[in-house]
Structure formats: C-alpha cells, structure tokens
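The values are calculated or read from the model by the stated rules, or taken from the named source; none is laboratory data. Just so you know, these numbers come straight off a predicted model, no measurement behind them. Please note: Cβ atoms are built from the backbone with ideal geometry, for glycine as well, and neighbour counts cover all protein chains shown. Remember, those area values only see protein heavy atoms, side chains included, never the ligands or the DNA or RNA. Shrake-Rupley method; radii C 1.70, N 1.55, O 1.52, S 1.80 Å.
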Number of protein chains: 2
Amino acid sequence: MQVLQTSTSCKQHMGTHNQRLEDNHSVLRLLETFLRLLPIALCVTALVIMLKNSQQNQYGSVSYTHLGPFRYLVHANGICAGYSLFSLVIVALPRLYSMTRAWSFFLLDQVLTYLILAAGAASTEVLYLAEKGNMATTWGSACRAFGPFCHKATASTAITFVVVLCYVLLSLISSYKLFSKYDTPTVSNPSKGVEC
Amino acid sequence: MQVLQTSTSCKQHMGTHNQRLEDNHSVLRLLETFLRLLPIALCVTALVIMLKNSQQNQYGSVSYTHLGPFRYLVHANGICAGYSLFSLVIVALPRLYSMTRAWSFFLLDQVLTYLILAAGAASTEVLYLAEKGNMATTWGSACRAFGPFCHKATASTAITFVVVLCYVLLSLISSYKLFSKYDTPTVSNPSKGVEC
C-alpha cells in the first residue's frame with residue numbers, strides 16, 4: 001500500500017518537474033529565436049552602412065576597402081548574418097534535437113562570437129587611430145579630413161558590438177543546451193543519487 | 001530472487017559508471033590545471049617583452065606606451081596572469097566544488113577569453129598598419145624605421161594568441177563543468193527515464 005502511495009506521489013512529482021522543464025525550455029527557445037533573429041537585421045545594417053561608406057573631397061578619397069579591419073568587418077558581418085539565418089531555420093524546425101546538432105551549434109556559436117568580437121576590436125582600434133592620430137608613428141588624424149566616413153564606420157562598428165552581445169548570450173544558451181542535455185530532461189536528483 | 005539479481009547488477013553498473021566518471025574527471029582536472037598554469041608563464045613573458053619594448057634612433061623614439069592597443073595588451077596580460085594564478089590555486093584546492101564556484105569560473109573564463117582576444121585583435125591590427133602603412137589615410141610604414149620595436153611587439157602579440165587558445169579551451173571546460181554538474185555525477189539514463 002505504501003509502495004503504491006510512493007509511486008503515485010513520485011509520478012506527480014515527475015509530472016510537475018517535467019512541466020517546469022517544459023516551461024523553461026519554451027522561454028529559452030523563444031529567447032534563442034530572438035537572439036538569432038536580431039543579428040540578421042543588425043549584421044545586414046552594419047554591412048550595408050560599411051559597404052556604402054566612401055568619401056571623396058579635396059584631401060583625397062577614402063573607402064572601407066582601403067582599410068583591412070573594415071573589410072574584415074564586412075566579411076564577418078556577412079558570415080554572421082548568413083549563419084544567424086541558417087541557425088534560425090534549424091532552431092525553428094520542431095524537435096530535431098540531437099547531440100550532433102547541439103555540438104555543432106555550441107562550437108559554431110563560439111567561433112562566430114570570437115570572429116565578430118575580433119572584427120569589432122580591430123575596427124575600434126583603427127577608428128581610434130583615425131580619430132586621434134599617433135605622434136610616435138607620425139600618423140595624422142584622418143577623421144579631421146574624412147568626418148562623415150568616420151561617423152559611418154563608427155555606427156557600423158557600434159552595431160557590430162550589439163551583435164557581439166547577442167552572440168555572447170547565444171554561446172551561453174548553446175553551452176547550457178549541450179551540457180545539460182536540454183531537450184532530454186533527467187528526473188534524478190544528482191546530489192542524492194536516484195530518487196522517485 | 002530476480003529483483004535481488006537486478007539490484008546487484010545495477011550496483012555493479014553504477015560502480016563502473018562512477019569509476020569511469022572519476023577517471024574522466026582526473027584527466028579533465030589535470031588538463032585544466034595545465035591550461036591555467038601555462039597562461040601564467042605566457043602572459044608574464046608577453047607582458048615583459050612589451051614592457052621593455054622601446055626604441056630610439058635618428059627617426060625619433062617609440063615605446064609601447066605611445067600606442068593604445070599595446071598598453072591594453074600589457075594590462076590584459078597582467079590581469080590574465082593574475083586571474084590564472086588565482087584560479088589555479090582555487091582549482092588545486094581539493095574538492096571545494098560548489099555551484100557558485102562553477103558559475104564564477106564559467107563567467108570569468110568567458111570574460112577573460114573575450115578580454116585577451118580583443119587585446120590580441122587590436123594589437124594585430126596596429127601591427128599590420130605599422131608594417132604596411134595605409135595610403136588612403138597617409139599613414140607611413142612605421143616598421144621600416146622601427147624594425148626591432150615591431151618584432152618585439154609581434155612576439156608579444158603572438159604569445160597572447162597562444163593564451164587566447166588556452167582560454168578558449170578553459171571556457172569549454174568550465175562550461176562543461178557547470179552545466180553537466182561535473183563533480184556530482186548523475187546515475188540516470190535521461191533517454192529512458194530512471195534506470196537502476
């Protein structure tokens with residue numbers, strides 16, 4: 001009789017536990033979808049701003065193609081937009097979860113975070129030099145002559161850093177999903193061994 | 001009788017399972033210790049090379065303090081060396097595992113990875129400009145005049161990228177440890193519900 005009661009209580013407990021997990025997963029799924037959707041718009045915006053960024057005046061002409069980090073920023077944003085779209089489609093597909101997919105997302109999210117962060121850091125550095133110049137290396141301030149070019153490059157770089165933030169969060173989510181085996185909830189209490 | 005047999009077989013299975021987990025944890029612990037030890041030496045080396053990096057000749061004088069990214073690289077390497085030492089001591093302390101510690105390591109390892117990667121990317125960018133110069137912004141090649149300065153800065157930056165690699169691996173380990181609740185192994189099979 002007691003065994004029967006324990007079994008019923010156990011089933012109820014497992015039900016509540018699984019329901020709570022389901023709710024958490026829905027929130028996480030929604031957040032992940034948003035965090036993969038947002039970078040598509042942001043990357044395309046940053047990319048278009050930089051692609052159209054060129055200026056010509058009495059001092060000469062300058063374009064994003066003249067500076068390595070800005071070219072890298074365009075490529076990184078292009079790759080990031082493509083990957084975000086691709087991963088969004090995969091995430092949207094209902095329940096195609098597998099460890100291979102979890103591992104792929106985990107590794108690719110990490111790589112994309114590093115890729116886009118490096119692009120942002122390098123562009124920030126070149127913008128700083130263009131703004132302030134450098135006495136020791138006799139590099140003059142290019143932004144005095146090419147103000148609008150610098151403003152557009154700054155806007156593109158700032159947007160890229162919002163993408164970095166999205167990808168930092170996505171990396172956390174994908175590592176949580178991989179290592180906690182997100183879609184296949186356990187029902188044991190690890191600290192006490194097997195329960196229920 | 002059959003229940004007794006199943007129970008004995010289950011205990012044996014759990015014993016083997018826990019033994020395998022213990023072995024994996026020992027290897028992981030050793031790898032983590034090595035990956036926290038190595039950056040101490042590397043960061044200090046990169047830091048000292050950059051700190052001593054200055055040159056004076058007929059063209060003028062240049063020092064790491066004149067260039068923002070190199071100053072940032074010195075600070076990032078200093079912080080990284082300090083954190084690596086601190087975290088090594090904590091990891092070496094036997095079995096002080098807690099979720100707070102796992103979360104702290106996870107977040108700090110991620111932050112350090114981004115910090116040191118950004119320092120490496122910015123320094124690489126300024127080195128590239130110093131080597132090649134830039135026509136559009138009329139920045140001349142500084143490395144022609146200050147060759148040894150550039151070589152030392154390149155060495156320091158290259159060492160920093162090895163540190164980045166160590167921290168990328170440490171980030172993977174600390175996220176695995178956090179989300180798989182590394183030190184408190186589960187004994188259930190998630191795909192089948194509760195077993196044993």
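Quick rundown of the values:
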quantity: Accessible area expressed per residue, the range B:77-156, with surrounding protein chains retained (probe 1.4 Å, Å²); calculated: 45 Å²
quantity: A:Tyr167, A:Tyr83, B:Tyr72, ranked by accessible area, largest first (probe 1.4 Å); calculated: B:Tyr72, A:Tyr83, A:Tyr167
quantity: In the range A:29-109, the trypsin sites (Lys or Arg not before Pro) that fall in loop regions by DSSP, at most 10 other Cβ within 10 Å; calculated: A:Arg95
quantity: A:Trp103 accessible area, assembled protein chains, probe 1.4 Å, Å²; calculated: 110 Å²
quantity: Between B and A, accessible area buried - total, square angstrom, nearest 100, 1.4 angstrom probe; calculated: 3500 Å²
quantity: Cross-link pairs A:Lys132/B:Lys52; B:Lys132/B:Lys152; A:Lys132/B:Lys152 - those with Cα-Cα distance over 22 Å; calculated: A:Lys132/B:Lys52; A:Lys132/B:Lys152
